[in-house]
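Structure first, then comments.
All of the numbers you see were taken from the coordinates with simple rules; none came from a lab. Quick caveat: nothing in here was measured; it's all calculated off a predicted structure. Ideal geometry is used to build each Cβ from the backbone, glycine not excepted, and the neighbour counts take in all protein chains shown.
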Amino acid sequence: MKADLVIQVLQTAVDHGVREFCVCAGARNAEFIMALTSQKQPWPVHYFFEERSAAFFALGRIAREGFPVAVVTTSGTAVAELLPAVIEAHYQQLPLLLLTADRPREFRGTGAPQAIDQVGIYHNYVEQCVDWQVDTAGECTAMAKRWSGQRPAHWNVCLGEPPRHQVGVPAQLVLRSESRNEEQIFQSSSTQSPPQVKRPLVVIGPLRTQTWRAEWTQRLKSWGVPLYVESLSGLAGHPDLRALSLQGGDLAISELVRQGHFESIIRVGGVPTLRLWRDLEERHRELPVLVFADTPFSGLARGVQFQGGLQDLSSVKIAPVSTEWWQQIQVADQFRYTKKMNLLKAYPDSEPAQILRLAAKMVGQNVYLGNSLPVREWDLVTSGELPCKRIFGNRGANGIDGQISSFLGWAKPDGENWAVVGDLTALYDLASLWATRHLSAGRYRIVVINNGGGQIFRNMFTQTEFLNSHSIEFSHWAKMWDWDYVRVAKGQVSELETGSMSDRTVIEVVPDAVQTEEFWKAWRA
């Protein structure tokens with residue numbers, strides 16, 4: 001029976017710790033919807049009209065709660081819409097479960113309506129692809145039970161024609177196990193200990209774990225070597241690490257490496273946004289790199305000297321460093337830091353200066369940083385001086401799609417929730433505010449840095465085509481979804497009164513283009 005198959009699939013998902021479902025309703029997945037809506041157990045079900053937003057919202061929920069979340073779709077191209085979020089989940093190692101309804105197997109390759117080749121569509125971005133059908137339900141269940149719950153999984157469910165109305169009462173799902181541990185620490189397969197490290201720079205990138213273990217923080221402190229702490233690590237401004245943290249920004253780090261101050265690089269956490277990381281591929285290929293992360297990706301094509309999990313930090317041995325070496329680094333870093341702060345004062349309406357003022361209003365709050373320029377500018381101007389309560393961003397594949405959807409899934413009802421994204425990122429996710437109906441009570445602010453296009457490319461290419469320039473503003477977007485709207489232009493950021501805003505507000509920040517260009521020109525000089 002099809003209804004029994006659907007309950008079997010859902011029960012297996014619940015046994016894996018799934019506690020929430022994001023559903024995009026269609027005819028083919030009707031029995032899933034009927035089964036979920038008839039449950040006595042209050043499983044949260046979030047309904048979306050569009051699959052891409054639903055999947056990124058689910059990623060935010062996984063990052064927030066720590067347990068797997070399932071996305072339920074109809075058949076056909078709806079399944080393809082999940083791919084960007086699946087890729088992001090793969091590189092973040094998040095347990096996104098894809099429950100895709102399908103037409104019976106005999107329809108594949110026929111060109112029949114709503115029938116595409118769904119099996120294998122996510123390729124190696126999922127841990128497993130289980131092709132459920134009534135006659136193989138037992139075998140499929142056994143396969144699905146082997147899912148580790150630490151990577152995305154795809155369960156494709158073949159169903160016949162959907163019922164026109166509810167038939168009978170579906171069986172009730174049973175909560176047989178506790179939800180998975182919030183903190184799944186990646187365990188290295190390496191059997192070797194890290195080599196002794198000489199004069200290292202430690203770069204702390206995004207950390208997927210919900211709680212940074214105190215012993216690891218103390219370990220970094222005991223090394224007594226320079227740290228570059230990115231905001232998404234959640235350790236920026238940590239009192240135990242502040243004295244060791246470099247504050248001169250990305251260019252200061254590149255200059256110190258180019259001048260030969262460091263003999264090795266230690267990466268802790270995810271792949272950093274730091275420009276140096278890309279330069280390690282060719283320009284600084286001779287520098288040995290050691291990686292200690294909560295995902296299994298080295299982040300470099302040229303290979304690393306050692307790769308392990310965060311727990312391997314306890315085995316690192318640092319060769320003694322001289323006071324003179326440390327002082328040289330501190331002098332150079334302080335020079336850059338002073339120059340940076342002077343430029344922020346000289347160009348108060350530039351984009352970096354506006355982000356600094358906005359950041360000051362987010363101290364102690366929940367902050368989501370979008371990719372492209374916002375996360376880089378935040379790292380540059382805050383220097384770890386403005387700690388947040390929680391901080392997050394999708395840095396698995398570094399894409400700009402689905403950012404606001406993920407923010408809305410990740411946001412918590414306690415305190416204020418802020419997202420800082422670019423204008424093209426917002427345009428890429430215009431359907432995201434559909435999720436407003438699923439938000440708990442709380443305060444949500446979406447800051448759109450509208451600089452009229454993809455300005456990150458201005459420093460890379462001379463052709464204006466890369467910028468995708470526009471003159472769009474976002475007041476009507478906010479109005480469409482019944483969010484309040486505030487426009488912040490020249491000289492207005494300091495006057496922004498966040499306490500008087502409604503619970504859901506879009507804040508459009510328009511930097512001064514001339515001042516922004518002058519700031520970057522002077523900073524690079």
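Where the convex hull is taken over the Cα atoms of segment 200-336, what is its projected area averaged over directions, in nm²? Kindly include the intermediate steps, with their values, before the conclusion.
Values: hull surface 30.0 nm².
Convex hull of Cα atoms, orientation-averaged projection: 7.5 nm².
Please get the size of the charge dipole for segment 200-336, origin at its Cα centre, with Cβ charges of +1 on Lys and Arg and -1 on Asp and Glu, quoted in debye to the nearest 20. Working shown, then result.
Details: 14 positive and 14 negative charges, 31 e Å.
Using Cβ point charges on Lys, Arg, Asp and Glu, segment 200-336 gives about 140 debye.
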Taking segment 2-158 and dividing mean pair separation by its residue count, relative contact order in percent (alpha carbons under 8 Å, at least six apart): 24
Extension gain, A243 back to R219 (0.36 nm per residue minus Cα-Cα distance, nm): 7.2 nm
Label-to-label distance, nm, for residues given as E106 and A27 (7 Å Cα→Cβ offset): 1.8
Computed lengthening from M501 to H470, 0.36 nm per intervening residue step minus Cα-Cα distance: 8.4 nm
Entries of K198/K221; K389/K490; K361/K490 with Cα pairs more than 26 Å apart: K389/K490
16 Å Cα-Cα reach of K479 towards aspartates and glutamates, excluding residues that sit fewer than 8 places from it in its own chain: D429, D503, E508
Aspartates and glutamates with Cα under 18 Å of K521, excluding same-chain neighbours fewer than 8 positions away: D250, E255, D349, E351, E377, D512
Matching label, mean projected area of the Cα convex hull in nm² computed from the structure shown, candidates (i) 79.6; (ii) 38.7; (iii) 25.8: (iii)
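Please state the charge dipole magnitude for the chain, taken about the Cα centre, from unit charges on C-beta atoms (+1 on K and R, -1 on D and E), reported in debye and rounded to the nearest 20.
On the way: 52 positive and 55 negative charges, 175 e Å.
The calculated dipole for the chain is roughly 840 debye.
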L439 paired with W481, simple spin-label distance in nm, labels 7 Å along Cα-to-beta-carbon: 0.8
Footprinting exposure proxy for E324, E385, E508 (fewest neighbouring C-beta atoms within 10 Å first): E324, E385, E508
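Can you list which of the DSSP-assigned H helices in the chain have a Cα extent of 15 Å or more along the long axis and an average Kyte-Doolittle score of at least -0.5? Numbers along the way, then the final one.
Working: long enough: 2-15 (20 Å, 0.69); 51-65 (21 Å, -0.04); 323-346 (34 Å, -0.86); 513-524 (17 Å, -0.90).
Counting only whole DSSP H runs, the qualifying helices are 2-15, 51-65.
In nm, what is the difference between 0.36 nm times the number of residues separating V331 and E517 and their Cα-Cα distance?
Values: separation 186, 0.36 × 186 = 66.96 nm, distance 2.73 nm.
Here the segment from V331 to E517 would lengthen by 64.2 nm.
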Using a Förster distance of 30 Å, the FRET efficiency for T211-A397 (Cβ separation, nearest 0.05): 0.75
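About the Cα centre, and with charges only on the beta carbon of Lys, Arg (+1) and Asp, Glu (-1), how big is the dipole of segment 347-524? Nearest 20 debye, please.
Details: 17 positive and 21 negative charges, 84 e Å.
The calculated dipole for segment 347-524 is roughly 400 debye.
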The chain - mean residue ellipticity at 222 nm from DSSP helices (-39,500 (n - 2.57) per run, n ≥ 4, rounded to 500): -9000 deg cm²/dmol
Within straight-line cross-link reach of K339, aspartates and glutamates at Cα separation under 12 Å, skipping those fewer than 8 residues along the same chain: none
Ranking of C158, C129, C22 by count of other Cβ atoms within 10 Å, fewest first: C129, C158, C22
